[in-house]
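Written out below as structure tokens is the structure these notes cover.
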Amino acid sequence: MITIWVVLFAIMFIFGYPIIFSISVPSMIYVILAKISPAVIVDSMVIGFEKQFVLLAVPLFILAAKIMNEGMITERLFSFANKMVGSLKGGLGHVNVLASIIFSGMTGSAIADASGLGMIEIKSMNDAGFNPEFSCAVTSASATIGPIIPPSIPMVIYSMISGASLGHLFIGGIIPGLFLGAAMMVYIAYISHKRNYPAGESFNMRSLIISFFKAFFPLLTPVILLWGIYGGVFTPTEAAAATVFYALILSVVGYRILGFKKLIVVFKESALSTGYVSAMVAAALIFSYIVSREQLPVTLTNMVMNSGIITNKYMYLLFVNLFLLLLGCFMDPIVGELIVMPILIPIAIFFEIDLVHLGVISTLNFMIGLSTPPYGENLFIVSAISGVPLGGIIREMWPFLAVLTGVLLACTYIPGIVLWLPKLAGYVP
Amino acid sequence: MELLKRIYKFIIIFFEEVLSTAALITCASAIVIQVFYRYFLNISLEWPFELSIYAYIWTLYLGAAWGIREGHHVKFNILYDALPPKVQKMINIIFNTITTVVFIIIFKPVWEYLLFNYRIKTVALKIPWTYVFMVFSIFLTLTIIHNIEHIICDIKSLFTNKDDDTTGDEVKY
């Protein structure tokens, strides 16, 4: 029975059947064959959602990102970032990273960052004389920051799987996210000197202040969010709702960009996205029911223990990193999280690895996966919106991947980078 | 016949697009209302939370059915895209048949279980569970319908012998 389940899942998955079915249908067949009451399916896939209220943040963050992308908020942010660091050597490269950092404080998905900001970023970099492959690579790499700095949809799902506090996960992502941005900017500075990329318009305090006021209200979003979560005023879900509300007020009443018709389109698109993101979660709930019924984590933990290779938590963390990086080359982050984390987390608990720490580094791993060939959704998006062939982008991508992996290793082996801020906010590991 | 088709189309679009969007709006508004009452009026309401989670479940399953109709669901497509269109269609037919059969088998027990839970009511709103979780049966029905549409579409194009790239991933109305 367990064999049928595993084999059918593997075949369906490899041959490109939609994930929601390839993880739920074999599990349902297992339930039928094992003569368990099908009530289990309803209990885990539908009623189980009642307890997962942290998941409510998913539709809300999707909605917020769509409203911001439609409501021209991205352009104001880009212009502000441009006035701030555009005058540096290779200015627009830095602007790209900075804009992504700010924008990532508002949206929870790398895809939203790459597709929303990417258009403006790539176009203005190309116009300024950067080679298009490089512009695409920067955009794809900087979008990685999106889900590391809160809010973050992958972290919501991790929190659901592991039971770790979402608020602390969010706070734990702040420093690694800024660190990522800084590391990328260092590399951009280096390459800009080497290739003599142009600096943008010279620094002007007056226009910086003007652009700051133009971007003031959008810039408040991450402030509200972080202040709310950090100060314990909002739960992450409530913070998400507040963001949606604020973004709506800004783009409908404030800037009057979103009309009624466009707004309905935004809502419809969000309902569709919510459907296919959350349906995978629902399918994974029945999947993990079988995983725990078959006691797979126990079996695997024993296997790991008896193998004699992974003997301490440092080895295990290295294994997790390598495994997730490899997985990320082929898999969508949310799918990867849903399938693999239920198995990795119990072993991590055994090695006494902090779950918030593991959450941040696993998210980082999966986000790097978004920019790795052959299957990297960020690469596909930047290639699609810019028209630059994938091959060239990938060539420019390798140094960025090295930078990202360096940051990942630092965060893995110096837990303080991740855990310092959550501890200040009252997290007890 | 034309009229029937239009009614059918109307029902599908009503459930998948209109109702899911309405549920999403309900979900978001309910949380906003709750936050507003708690922080500005110091009143802790119970019903908005419950409403939002149930509205979310409705958005999820109706949106998912919509995704199935339009072929939006995430899949691992590296190997799949490399296969010739004919093989892709055959794979789709096999898998869709398996899913449809499984869903038909579980449909009845699931429905009975939902009816059985009628006496259990939600805490704040006092709605019977049957109504709240009925969306799962609607999802199963819609999925079965769409899968059959996909299968028919794939078989048709397999036998018309046109070697085009269109697979039955997306059903156009």
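The values are calculated or read from the model by the stated rules, or taken from the named source; none is laboratory data. Everything numeric here is computed off the predicted structure, so don't read it as measured data. Glycine gets a Cβ as well: all are built from the backbone with ideal geometry, and neighbour counts include every protein chain shown. Surface areas here come from the heavy atoms of the whole protein model, side chains and all, with no ligands, DNA or RNA. Shrake-Rupley method; radii C 1.70, N 1.55, O 1.52, S 1.80 Å.
Couple of notes before you dig in:
- Förster radius 35 Å - calculated FRET efficiency between A:L326 and B:V101 (Cβ-Cβ, nearest 0.05): 0.50
- Segment A:163-307: translational diffusion in µm²/s, Stokes-Einstein, Kirkwood Rh over Cα pairs, 10 °C, 1.306 mPa s: 77
- Partner lysines for A:K66 [C-alpha distance under 21 Å; skip if fewer than 8 residues away on the same chain]: A:K123, A:K214, A:K261, A:K262, A:K268
- Partner aspartates and glutamates whose Cα lies under 16 Å from the Cα of A:K313, excluding those fewer than 8 positions away in the same chain, are identified as A:E352, A:D354.
- Pair-distance profile P(r), taking every C-alpha pair of chain A, with 10 angstrom steps and integer %: 5, 21, 31, 26, 12, 4, 1, 0
- Percent of C-alpha pairs per 10 Å bin, chain B, short to long: 9, 28, 29, 20, 10, 4, 1
- For segment B:2-170, carbon and sulfur atoms together expose 71% of the accessible surface, with a 1.4 angstrom probe and every protein chain in place.
- Those residues of segment B:1-47 for which accessible area with every protein chain present is at least 40 Å² below the isolated value (1.4 Å probe): B:T21, B:L24, B:I25, B:A28, B:I31, B:V32, B:V35, B:Y39
- Here is the interface size for B with A: some 5200 Å² of accessible area buried, both sides summed, with a 1.4 Å probe.
- Using C-alpha pairs under 8 Å with a sequence gap of at least 6, the mean separation divided by the residue count of chain A gives a relative contact order of 24 percent.
- Surface listing: B:I145, B:I12 arranged by accessible area from highest to lowest gives B:I145, B:I12, probe 1.4 Å.
- Point-to-point label distance, A:L220-A:A410, nm (Cα→Cβ direction, 7 Å offset): 3.4
- The portion of the accessible surface of segment A:220-299 made up by carbon and sulfur, rounded to a whole percent, is 69 (1.4 Å probe; DNA, RNA and ligands excluded).
- In this structure, A:R256 and B:L79 have a Cβ-Cβ separation that, at R0 = 30 Å, corresponds to a calculated FRET efficiency of about 0.05.
- Max mean-square fluctuation residue, GNM over chain B, Cα-Cα springs under 10 Å, options B:A65, B:A124, B:A30: B:A124
- Coarse-grained scattering of segment A:1-144 at q = 0.17, 0.19 Å⁻¹, given as base-10 log I(q)/I(0) from a Debye sum over alpha-carbon atoms: -0.90, -1.01
- In the assembled protein chains, A:F203 presents an accessible area of approximately 110 Å² (probe radius 1.4 Å).
- Long hydrophobic helices in chain B: the complete DSSP H runs spanning 27 Å or more by Cα along their own axis with mean Kyte-Doolittle hydropathy of at least -0.5 are B:20-40, B:47-70, B:85-116, B:129-159.
- Helices meeting the span-like rule in chain A (full DSSP H runs, Cα extent of at least 27 Å along the helix axis, mean Kyte-Doolittle score of -0.5 or higher): A:166-195, A:260-293, A:390-413.
- Projecting label points 7 angstrom from Cα along Cα→Cβ for A:S37 and A:M305 puts them 3.5 nm apart.
- Helix-only arithmetic for the protein assembly as shown: the sum of -39500 (n - 2.57) across DSSP H runs with n ≥ 4, divided by the residue total, places the mean residue ellipticity at 222 nm at -25000 deg cm²/dmol.
- Positive-end residue, segment A:38-179 charge dipole about Cα centroid, Cβ charges, pick of A:L88, A:S162, A:S142: A:L88
- A Förster radius of 56 Å, combined with the Cβ-Cβ distance separating A:R293 from B:L158, puts the computed FRET efficiency at roughly 0.90.
- For segment B:2-170, the tally of Lys pairs with Cα-Cα distances below 27 Å comes to 18, considering only residues 8 or more apart or on different chains.
- Heavy-atom surface of segment B:2-170, accessible at 1.4 Å and reported per residue (Å²): 50
- Residue-level accessible surface for A:Y375, protein heavy atoms, 1.4 Å, Å²: 20
- When the residues A:K313, A:K423, B:K5 are ordered by accessible surface, computed with a 1.4 Å probe over the protein chains alone, the sequence from largest down reads B:K5, A:K423, A:K313.
- Cα centroids of segment A:203-225 and segment B:58-81: 39 Å apart.
- Mean Cα-pair separation over length for segment A:154-274, i.e. relative contact order, pairs under 8 Å, 6 or more apart, %: 18
- Whole-number Å³ per residue for the convex hull built on Cα positions in segment A:341-383: 74
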